[in-house]
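Participant: The structure that follows is given in the form of structure tokens.
The values are calculated or read from the model by the stated rules, or taken from the named source; none is laboratory data. Everything quoted here is computed from the prediction, not taken from an experiment. All Cβ positions, even for glycine, are placed from backbone atoms using ideal geometry, and neighbour counts span all protein chains on display.
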Amino acid sequence: MPPAIRRFPNLLGLELWNVSIIKWDADAALNADLYLNMFYLIMAYTNMTEMPQGVLTKPLPPLLGDIEISVTNLEVVPDELADAWSNVRLVYLEHAPLKEFPTALFTIPSLSVSLLDDGLETIPEDLFTTVSLLDEYLEICFSYNPIINLPFSTRESVFINYLGVDHTDLTQLPAWALEARQWINLGGCPICNDTEATLPEVADCTDWGWNPMVDGRFPLALVAPFRKIM
């Protein structure tokens, strides 16, 4: 990313589509002093092996509350991200070959977090007891990951309105999930085939088929036709 991006202080948002990020240093960072009105950042089909410093350098724009990343080769989310993304309210990190769980995304005030199709095999047991910053989430999505268990416990105050765990390897639900009040998407999970399993009334076992590229929270299938070079 060239420093020339600083010539556009009136940016409302930035979308990177089908690009390779070779260099995005602090001299081209999305700085709060320049981008007072910027509120979204999208990186889709983006080749980046690490999170660029341009989105980790504090302070980021004060209104930048929506960050959506879809289809990358990103493997690790650094802990330092939490300091820079302190105003982010929605974060999607989907279709990435993560090598470890991105706990930093739960230490920011994001009401919606999607980690769909990231190759995650485990979720930290303390995610909703000591790690997570918020007590209430509008949405958390772990769909299309080979996880077999959700954390056993949560803080009593933690409330998740929508929990997406469809097309995972879950065979049981912890007690806190059985008390959910909104919606749990379990379609395609082994637990849905267990006639003796206890499921909450808000659980939905409808399986619409395996299609992670369509089911992501970032609408790849909807946006892609408008990004073609004719």
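Participant: Got a number for residues in the range 185-202 being touching a residue at least 24 places away in the same chain (Cβ under 8 Å) and either out of contact with any Ser or Thr (no Cβ under 9 Å at 6 or more places or on another chain) or part of a helix (DSSP H, G or I) (or both)?
Facilitator: Counting residues in the range 185-202 that are touching a residue at least 24 places away in the same chain (Cβ under 8 Å) and either out of contact with any Ser or Thr (no Cβ under 9 Å at 6 or more places or on another chain) or part of a helix (DSSP H, G or I) (or both) gives 3.
Participant: Just for the range 69-89: of the residues that are among the β-branched types (Val, Ile, Thr) and not in a loop (DSSP other than H, G, I, E, B), which one is nearest to the chain's Cα centre (by Cα)?
Facilitator: That would be Ile69.
Participant: Is it the case that some residue within the range 125-142 is of a type in the set (Gly, Ala, Ser) and in contact with a strand residue (DSSP E or B) (Cβ under 6 Å, 6 or more places away or on another chain)?
Facilitator: Checked the range 125-142: no residue is of a type in the set (Gly, Ala, Ser) and in contact with a strand residue (DSSP E or B) (Cβ under 6 Å, 6 or more places away or on another chain).
Participant: Moving on. For the range 6-56, what are the residues that are among the β-branched types (Val, Ile, Thr) and in contact (Cβ under 8 Å) with a residue 24 or more places away in the chain?
Facilitator: Val19, Ile21, Ile42, Thr46, Thr49, Val55
Participant: Can you report the number of residues in the range 100-132 which are over 15 Å from the mean Cα position of the chain (by Cα) and surrounded by fewer than 17 Cβ atoms within 10 Å (Cβ to Cβ)?
Facilitator: The qualifying residues number 8.
Participant: Quick test for you: out of Glu136, Glu196, Glu201, Glu156, pick the one residue that is among the acidic types (Asp, Glu), surrounded by fewer than 13 Cβ atoms within 10 Å (Cβ to Cβ) and either under 18 Å from the mean Cα position of the chain (by Cα) or modelled with pLDDT of 95 or more (or both).
Facilitator: Sole residue among the options that is among the acidic types (Asp, Glu), surrounded by fewer than 13 Cβ atoms within 10 Å (Cβ to Cβ) and either under 18 Å from the mean Cα position of the chain (by Cα) or modelled with pLDDT of 95 or more (or both): Glu136.
Participant: Can you tell me which residues in the range 5-56 are polar (S, T, N, Q), touching a helix residue (DSSP H, G or I) at 6+ places or on another chain (Cβ under 8 Å) and modelled with pLDDT under 95?
Facilitator: Within the range 5-56, Asn31 is the sole residue that qualifies.
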